[in-house]
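Everything below concerns the one structure shown next.
The values are calculated or read from the model by the stated rules, or taken from the named source; none is laboratory data. All values reported here derive from a predicted model rather than from experimental measurement. Counting neighbours? That spans all protein chains shown, and the Cβs are built from the backbone with ideal geometry, glycine included. Keep in mind that these areas ignore ligands, DNA and RNA; they rest on the heavy atoms of the full protein, side chains included. Shrake-Rupley method; radii C 1.70, N 1.55, O 1.52, S 1.80 Å.
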Amino acid sequence: MPELSNKERMQIPRQHMPEQSPSERIRNFNEVNLGYTIELARTEAERCLRCKKPVCVEGCPVAVKIPDFIKMVAEGRFKEAADILKEDNALPAVCGRVCPQEEQCEKVCVVGKKNPPVAIGHLERFVADWERMNIGFRIPEMKPKTGKKVAIVGGGPAGLSCAKDLITMGYDVTVFEALHEIGGVLIYGIPEFRLPKEIVRAEVDYLRQLGVEFQTNYVIGLTETVDELLQRYDAVFIGVGAGLPYFLNVPGENLLGVYSANEFLTRVNLMRAFEFPRADTPIMNLQGKDVAVFGGGNTAMDAVRTALRLGAKTAMIIYRRTEAEMPARIEEIKHAKEEGVQFIFLSAPLEFLGDDEGWVRAVKVQKMQLGEPDASGRRRPVPIDGAIETIPIDAAIIAIGNGSNPIISKTTPDLKVNKWGNIIVDPETMKTSKKGVFAGGDIVTGGATVILAMGAGRKAAKAIDEYLKNSEVW
Amino acid sequence: MNRIIEARFIAPEIKLFRIEAPKIAQKRKPGQFVVVRVDELGERIPLTIADSNLDDGTITIIVQGVGKTTKQLNMLEAGDYVHDIVGPLGKPSEIENYGVAVSIGGGVGTAIAYPTAKALKEAGNYVIGIIGGRTKEFVILEDEMRQFCDELYPTTDDGSYGFHGFVTHKLQQLLEEGRKIDFVLAIGPIPMMRAVAEVTRPYGIKTVVSLNPIMVDATGMCGGCRVTVDNKTYFACVDGPEFDAHKVDFDNLIKRNRMYLEHERKALENFICRIDVMATKLEKEDARA
């Protein structure tokens, strides 16, 4: 193909991601997005203007060299594209699927000023999938072994990206994971229809091939403390995530049929309850039931769409603000709507009502209206006097975020945490108050995104490398 | 994968396992538990650690075959493996020198009462043990308990052994005799723990129970194990499993534990059916041979 002018590039429309139709997909757990074909990918890649100062790279928390890999896609050199992608991103097949690109790289894309931005996320996903399916993972350039060892606590996005960087820098790396499977939220939280587990397993296998060791069923703080790890390892990275679900603190919350999103999603994703009784772990039977999910983030969307796939008659989001304030990705909200999810806005739960056997039967909600903007810049919902409604439900899922898990902070007294239990770090180096211990991801920031956690893991890996070259400095 | 070193029935449907888990053996304290997964599609079930052996790096768990998973576990023998074990989980028991401490175990609950009785004795308490079973054969760990109890009272519902009656009757009797009791730990079926709480409540005796709600991850991540204590919600896996018996909402616990009754029944039926098919197949093969 001859080199296109910018004008010609701007005339190419954004290529649509093929997907399963809504009526089909609500009956299965298969992935909704089907991925670009080679033709779609190459056409989309031609839309990139190859800016001299690529602002998209600055918009990426791990600074993927976006125009470079996209140029390779346009030329059909997918292997080279994969190499470029992997220099900066340990889990491209994951990020291509779950990153909020519209808030990051695609938000600042120059094409996006006039037209829809380049579909950077879709292209990232295409390249990672192409590599996995066509040539398999290849071992990147590895620095000589330093003889030093790093322990990574938590096998989620932060830990995995930190592990990948450190292993290529020549360190011995062991990842300790509390659950029986590696991946953290990628395995227990994000559903199969958005991120197939086979992809997470393949990415973890890749790290294993690079020499990363994985120890599952190992709770740091209980099975072994951070102090004990420091006797065996030269440095420790803590990336345990935000793992303590918030509840609404309203009456009736301990009725049967009321779940945290973590529990609901863990039962289905990690424990495969949708295959019960082939898998042993059950989930309540939602066939023909009315299910309410409280919250407006991606986890809420994951939960409500999972409920639909488990046969719910009505699956609704109950949110105290309006659609404009919902933190979920636009794509997730769009998919949820297409699938028939109902949205009840400006409604805050007051109380769950149950039957004699203790099952939830209804929720009482306070109707709200939007007032002045609050600290987050979003308009604060305020109650409308006397406007209370009762909505019949058979199950409730609380998806309003997570606090910090106390197991590590309680067993590591000299590790400084803030009043919410988040570990305090130097934002540049991810160093904690404890020598040799670094931290990053949701345990530092509170609930955020996969890619921000991965960015923190990368930053920490760099700082750990510097520290281990000169370990007197803290 | 963790290897089973020893497996033997100590009562009908109640099996003792010693399983290799050296890190857990080193770390565990009385009152803590492990989560076990029998096979790749297995559920995560919490089981209290009854004992540990630092020489061979094993922990002891005692399992009552009730549902599919526990029955499947009880079919394993020495040399077999369980897929996953993680621990030690939960807070250890609060062991102090209370003075006179009563350790009550109902049925398989004795497996949990035992390590705590041992710790209470080592902390200087005068320890009274009350261990109950439906009939004589369901009274477990009597010899082990006797080693650490200054007095031990086995009880049976049918009077086939020891004191005739429930563990609560024995406790009531001791209190009515005017015995000074400073601390009670009760572990067993929920109705038993609730009954113990009611016996000690008028006397104002500090009473602790170990709760057994349904768990998934058991590290605080899912909140499935929430229990109501003193009108507040706690996660039994990280805030417990031991709580003040006088403040526990037992009704809520009983109801929440019934959440998957239908599923449990179905899983067990399927499992027994599968075993029957297997057994018939084996019999046919035997006949042919």
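Below is a table of values for the structure above.
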quantity: Residue satisfying all of: in the range A:270-308; closer than 22 Å to A:Glu339 by Cα, touching an Asp or Glu at 6+ places or on another chain (Cβ under 8 Å) and open to solvent by less than 10 Å² (accessible area, probe 1.4 Å); nearest to the other protein chains (Cβ to nearest Cβ) among these; calculated: A:Leu286
quantity: Residue under evaluation B:Phe17, criteria (1) more than 10 Å from chain A (Cβ to nearest Cβ); (2) open to solvent by 20 Å² or more (accessible area, probe 1.4 Å); (3) of a type outside the set (D, E, K, R), criterion not met; calculated: (2)
quantity: Residue identified as free of Cβ contacts under 8 Å to residues at least 24 places away in the same chain and more than 18 Å from the chain's Cα centre (by Cα) among A:Glu275, A:Glu325; calculated: A:Glu275
quantity: Only listed residue being of a type in the set (Gly, Ala, Ser), modelled with pLDDT of 95 or more and closer than 30 Å to A:Glu19 by Cα, chosen from A:Gly170, A:Gly221, A:Gly183, A:Gly239; calculated: A:Gly183
quantity: Breaking point among (1) out of contact with any helix residue (DSSP H, G or I) (no Cβ under 6 Å at 6 or more places or on another chain); (2) open to solvent by 10 Å² or more (accessible area, probe 1.4 Å); (3) in contact (Cβ under 8 Å) with a residue 12 or more places away in the chain; (4) not hydrophobic (A, V, I, L, M, F, W, C), for A:Lys337; calculated: (3)
quantity: Every residue from the range B:66-105 that is open to solvent by 10 Å² or more (accessible area, probe 1.4 Å), among the small types (Gly, Ala, Ser) and within 24 Å of B:Ile130 (Cα to Cα); calculated: B:Ser93, B:Gly99
quantity: Filter result (open to solvent by less than 60 Å² (accessible area, probe 1.4 Å), closer than 28 Å to B:Asn53 by Cα and of a type outside the set (A, V, I, L, M, F, W, C)) within the range B:112-152; calculated: B:Tyr114, B:Pro115, B:Thr116, B:Lys118, B:Gly124, B:Asn125, B:Gly129, B:Gly132, B:Gly133, B:Glu142, B:Glu144, B:Glu151
quantity: Cross-chain or 6+ apart pairs with Cβ under 9 Å, the range A:199-225 first and among the acidic types (Asp, Glu), then assigned to a loop (DSSP other than H, G, I, E, B) and at pLDDT below 95; calculated: A:Glu203/A:Ala90; A:Glu203/A:Leu91; A:Glu203/A:Phe137; A:Asp205/A:Phe137
quantity: Residue list for the range B:30-56, filter: open to solvent by 10 Å² or more (accessible area, probe 1.4 Å), more than 13 Å from B:Leu89 (Cβ to Cβ) and away from chain A (no Cβ under 13 Å); calculated: B:Pro30, B:Asp51, B:Ser52, B:Asn53, B:Leu54, B:Asp55, B:Asp56
quantity: Residue check, A:Glu228 of a type in the set (Asp, Glu), within 10 Å of chain B (Cβ to nearest Cβ), outside any loop (DSSP other than H, G, I, E, B) and surrounded by 24 or more Cβ atoms within 10 Å (Cβ to Cβ); calculated: no
quantity: Hits in the range A:398-410 - residues which are more than 11 Å from chain B (Cβ to nearest Cβ) and either open to solvent by 30 Å² or more (accessible area, probe 1.4 Å) or part of a strand (DSSP E or B) (or both); calculated: A:Ile400, A:Gly401, A:Ser409
quantity: Helices (runs of 4 or more DSSP H) enclosed by the range A:1-63 - at least 1 residues per element that are open to solvent by 20 Å² or more (accessible area, probe 1.4 Å), polar (S, T, N, Q) and touching a residue at least 12 places away in the same chain (Cβ under 8 Å); calculated: A:6-11, A:38-45
